[in-house]
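The values are calculated or read from the model by the stated rules, or taken from the named source; none is laboratory data. Predicted, not measured: the structure shown is a model, and the values here were computed from it. Note: ideal-geometry Cβ built from the backbone for every residue, glycine included; neighbour counts use all protein chains shown. Side chains are part of the model used for accessible areas, which takes the heavy atoms of the whole protein and leaves out ligands, DNA and RNA. Shrake-Rupley method; radii C 1.70, N 1.55, O 1.52, S 1.80 Å.
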Amino acid sequence: MTSSPGGKSLLIETRCSQFDIIGDVHGCADALSQLLLKLGYRQHAGVYHFPDGKRQVIFVGDVIDRGPQIRETLAIVRSMVDQGAAHIVIGNHEFNAVAYFTKLEQGYLRAHNPRAQQQIQATLDAFAAHPEEWQDYLDWFARLPLFLEFEHFRVVHACWDQARIAAYWQRFNSYCLSPERVQQCADYTSVAARAVERLTRGVSLKLPHGYSIKSRDGFERRSFRVHFWAENAECYDDIVFQPDPLPAEMRAQRLDAAEQAHLSHYPSHEKPLFIGHYWLQGEPALVAANIACLDYSAVNNGKLVAYCFDTRSPILDPKHFVFVESDVNRAIDIENDLSM
């Protein structure tokens, strides 16, 4: 995994040398505005730009769902992307929204079950009075990039899997989704579905029969998220990477051959990689020497985090994290006051 699939034609061309990569916003518009101001961006004609245009934002996805200001957040993000002040990769929540409304011959691409309904309900409520606007966002989501590769760094929502990225690029000659490729995801073995699953959701392993995890969102899960940078992983404890702890007796469970084959690995010699997705907590820190995760649970009163990356000094440094504390309860109170 030492070069881009398809050669240099895959690389995103930009005149910027500095980028501010921002983690999962999940409808926390107040925190996003505060973070952009802290980073030096200013509004002009209703759009946040860096004053000299020499810095751009990159959003790692999961802009929607859960939070109190989803419509306001999307307006900020979409306007920046449309005006060239930002890039974005799609997160699993944006793809889930598209899948939820994608009709198949029987049913929908994402089943309308209680879990899916709970995840998307806040977004549906936010756009209940704005159906045409919501449809426009769905059309936008369906064409967003799955991944971005620049000369000095990469961005993906959950996991950089070089084999699946190479297959996607070879098949479609694109790093973006399309409505046709969304439809192809109905076949879980298709190139499109395999790329979407791994890049937006990461890697999960099933727990042994009889074991489950009660997650933060109240659902019982029979699988757990793992990371993709461990060298010579041997047991579950070497790779577990999620907010909900494994059952204590499972931590030392040995990985079998099938589980080893299912894993993905991002070597330490590869270019810096930025991800979101994983609901971290505490002070922002690198998860590996060349990997920064920027999801610090903003929608759970955590932090909305950015990493300030300078291509002229591409070695990752924990000092380059910038964040604001996210007070979702306060944002809800403000919205209630305004609606009275």
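Summary table
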item	result
Among (1) open to solvent by 50 Å² or more (accessible area, probe 1.4 Å); (2) within 19 Å of the chain's Cα centre (by Cα); (3) more than 30 Å from Ile315 (Cβ to Cβ) - the single one Val196 does not satisfy	(1)
Given (1) small (Gly, Ala, Ser); (2) open to solvent by 70 Å² or more (accessible area, probe 1.4 Å); (3) at pLDDT below 95, number of the condition Ala233 does not satisfy	(2)
Complete set of residues in segment 273-316 that are crowded, with 16+ Cβ neighbours inside 10 Å, farther than 20 Å from Phe147 by Cα and among the charged types (D, E, K, R)	Lys303
Meets criteria (open to solvent by 70 Å² or more (accessible area, probe 1.4 Å) and in a helix (DSSP H, G or I)) for Gln260	yes
Filter result for Tyr168 (open to solvent by less than 50 Å² (accessible area, probe 1.4 Å), closer than 30 Å to Val328 by Cβ and not in a strand (DSSP E or B))	no
Residue within segment 149-165 that is part of a helix (DSSP H, G or I), touching a residue at least 12 places away in the same chain (Cβ under 8 Å) and either of a type in the set (Ser, Thr, Tyr) or open to solvent by less than 10 Å² (accessible area, probe 1.4 Å) (or both) present	yes
Residue in segment 217-233 that is farther than 27 Å from Ala97 by Cα and touching a residue at least 60 places away in the same chain (Cβ under 8 Å) present	yes
Elements of type strands (runs of 3 or more DSSP E) contained in segment 1-118, each with 2 or more residues being under 19 Å from the mean Cα position of the chain (by Cα) and either surrounded by 22 or more Cβ atoms within 10 Å (Cβ to Cβ) or among the small types (Gly, Ala, Ser) (or both)	18-22, 55-59, 86-88
Any pair with Cβ under 8 angstrom, 6 or more apart, that starts in segment 92-106 at a residue that is free of Cβ contacts under 8 Å to residues at least 24 places away in the same chain and ends at one that is assigned to a helix (DSSP H, G or I) and surrounded by fewer than 23 Cβ atoms within 10 Å (Cβ to Cβ)	Tyr100/Ala116; Tyr100/Ile120
Members of segment 34-52 found to be without any contact (Cβ under 8 Å) to a residue 12 or more places away in the chain and within 25 Å of Asp327 (Cβ to Cβ), listed by number	Leu37, Arg42, Gln43
Search result, residues across segment 19-33 that are more than 15 Å from Ile291 (Cα to Cα) and not acidic (Asp, Glu)	Phe19, Val25, His26, Gly27, Cys28, Ala29, Ala31, Leu32, Ser33
Hits in segment 177-202 (condition: aliphatic (A, V, I, L, M) and farther than 16 Å from Ala142 by Cβ)	Val191
